[in-house]
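One structure below.
Read-outs throughout are calculated quantities, based only on the coordinates presented, and are distinct from any laboratory measurement. Predicted model, so just to flag it, every value in this text is computed and none were measured. Counting neighbours? That spans all protein chains shown, and the Cβs are built from the backbone with ideal geometry, glycine included.
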Amino acid sequence: MRKTEAMTIAVDRIYQDALVEVHQTIVGGYDNNVYVIRCRETGDALLVDAADEHDHLLAIASTLGVRSIVETHGHHDHIQAVPAMREAGYEVAIAPQDAAMLPSYDLTIGDDEIIKVGRLEVATIATPGHTPGSMCFTVRGTPLLLSGDTLFPGGPGATRFRESDFATIILSISERLFKEFGDETIVLPGHGTATTIGAERPNLEGWIERGW
């Protein structure tokens, strides 16, 4: 749901199993998806992309037990709430290649690291191309892949930016996401609706041919 002047954006629980629940809200002028990964056993949670509307995100973080924040990349529309979230005491982590794009941060995270969220293990996957430090996240033991702006329904994220590279994002998708994840994997992108690896995999050659 989007907000009007008279109501606050709803936060929707979009996935749940025995281990984890995932909540989603949409914020800002670019309709950014913000996700909260929450351990069902402990109640601890991780917020992915402090994009905008910090008052709303702070309320969600307090309600859902958020302990820290990770950023999928450093583009402006994904980081506008970072200063307010840090001021409220939440640590913010991002890949070192994109760290300079943030006004401030606390930690850097690399490829193939594990972030503990209660009993959950959230693994990092470096997927450069949209930005040099673009990163995806998967929750071990679940079919979930949070793809940031690397993979959307219908193709890769935009590479028209000075720091972007189309060949690199294609390599990230083909050699990391499509090789490491099965067709049943649920892809939760930084904007728009969810898809699956199985729905997107057959289209790779078409994306390469069109060049975007």
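Selection within region 21-37: residues that are hydroxyl-bearing (Ser, Thr, Tyr) and touching a residue at least 60 places away in the same chain (Cβ under 8 Å). The member of this set that is surrounded by the fewest Cβ atoms within 10 Å (Cβ to Cβ) is Tyr30. The residue of region 72-95 that is surrounded by the fewest Cβ atoms within 10 Å (Cβ to Cβ), among those that are free of Cβ contacts under 8 Å to residues at least 60 places away in the same chain and either polar (S, T, N, Q) or closer than 17 Å to Phe161 by Cβ (or both), is His76.
The residues of region 38-70 that are touching a residue at least 60 places away in the same chain (Cβ under 8 Å), under 19 Å from Thr150 (Cα atoms) and among the β-branched types (Val, Ile, Thr), listed by number, are Val48, Val70. Filtering region 58-84 to residues that are over 15 Å from the mean Cα position of the chain (by Cα) and over 16 Å from Glu121 (Cα atoms) leaves Leu58, Ala59, Ile60, Ala61, Ser62, Thr63, Leu64, Gly65, Pro83, Ala84. The set of residues from region 197-212 being surrounded by 10 or more Cβ atoms within 10 Å (Cβ to Cβ) and either without any contact (Cβ under 8 Å) to a residue 40 or more places away in the chain or in contact with a helix residue (DSSP H, G or I) (Cβ under 6 Å, 6 or more places away or on another chain) (or both) comprises Gly198, Arg201, Leu204, Gly206, Ile208. Cβ-Cβ contacts under 9 Å between residues 6 or more apart (or on different chains), taken from a first residue in region 177-196 that is at positive phi to a second residue that is polar (S, T, N, Q), are listed as Gly192/Asn33.
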